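Below is one structure, written out as C-alpha cells; the observations come after it.
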Amino acid sequence: MIDLHVLDGLSPLHGEERIAFLEKLTNINVAAIDGSDLATIIAVAVLYLLTFIFMCYVWYNHDYQPIRAKTVKLCTIMYVAGLMWMVGDFQMNGLVELTGAWKSCRVWVVWVRILSSYIYSGMLMIRFYALERIFNQSKPYKGRAMYIPAICLVVVLLAYCLSCQFVEG
C-alpha cells in the first residue's frame with residue numbers, strides 16, 4: 001500500500017513524467033491519448049448532436065399537449081447538465097489533455113464535472129417528484145411545490161461546490 005501523504009510534497013507532473021508515474025503507482029499501462037479516445041469523443045458528440053436536434057424539435061412543437069406534459073424545461077436542463085458532465089469527464093478521464101493553468105484549475109473538477117453530474121441527478125429526482133405529485137398524490141405541480149425543491153437543490157449544490165472550491169488540497 002502506498003502512503004498518499006508522500007504525494008503532497010511532489011510537484012505537479014506533466015507529459016511523459018505523469019504517464020510514467022501513473023503506470024508505476026497503479027501497475028496499469030497508461031497510454032497516451034490515441035485514436036480510440038478520439039473515436040469515443042466523436043461517438044458521444046454525435047449522440048449529443050442528435051439529442052440536440054430532438055430537443056429543438058420538441059421546443060418547436062412545445063404547444064402539442066403530449067410534449068408539453070413531458071416537462072421540457074427540466075429535460076433541457078438535464079441535457080445541458082449532461083453535456084457539461086461529458087465535457088468534464090473527457091478531461092478527468094484523460095481523453096483530452098489540458099495545458100497551462102487549466103491543468104491544475106478546479107473549474108473542471110468542481111464546477112464542470114461535479115456540479116453538472118449533481119444537477120443532472122437533481123433534475124431527475126425533481127422530475128420523479130413531479131410525477132409522484134401528479135399521479136400518486138393527484139395534486140398539481142405548480143407554485144411552491146415546483147419551486148421549493150429546485151431552490152433547495154440550488155442552495156445545496158452551490159454550498160457543496162463552494163466548499164470544494166475553497167478547501168485546501
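What FRET efficiency comes out for E97 versus V46 if R0 is 25 angstrom and r is the Cβ-Cβ distance? Round to the nearest 0.05. Could you put the intermediate results ahead of the total?
Working: r = 22 Å, r/R0 = 0.89.
Working from the Cβ atoms, E equals 0.65.
Take V107 and A20, extend 7 Å from each Cα along the Cα→Cβ direction, and tell me the distance between the two endpoints in nm.
3.1 nm
What's the extension gain from K70 to Y129 if we count 0.36 nm per residue and subtract their Cα-Cα distance? Mind dumping the intermediate values first?
Values: separation 59, 0.36 × 59 = 21.24 nm, distance 1.33 nm.
Separation in residues times 0.36 nm, less the Cα-Cα distance, equals 19.9 nm.
For the stretch 36-169, I need the span (max minus min coordinate) of the C-alpha atoms along each principal axis, in Å, sorted largest to smallest.
53, 36, 21
I'd like the accessible area for T40, computed on protein heavy atoms only with a 1.4 Å probe and all protein chains in place. Round to 10 Å², please.
60 Å²
The values are calculated or read from the model by the stated rules, or taken from the named source; none is laboratory data. What you are looking at is a predicted structure, and each value in this text was computed from that prediction instead of being measured. Please note: Cβ atoms are built from the backbone with ideal geometry, for glycine as well, and neighbour counts cover all protein chains shown. SASA here: full protein model, heavy atoms, side chains in, ligands and nucleic acids out. Shrake-Rupley method; radii C 1.70, N 1.55, O 1.52, S 1.80 Å.
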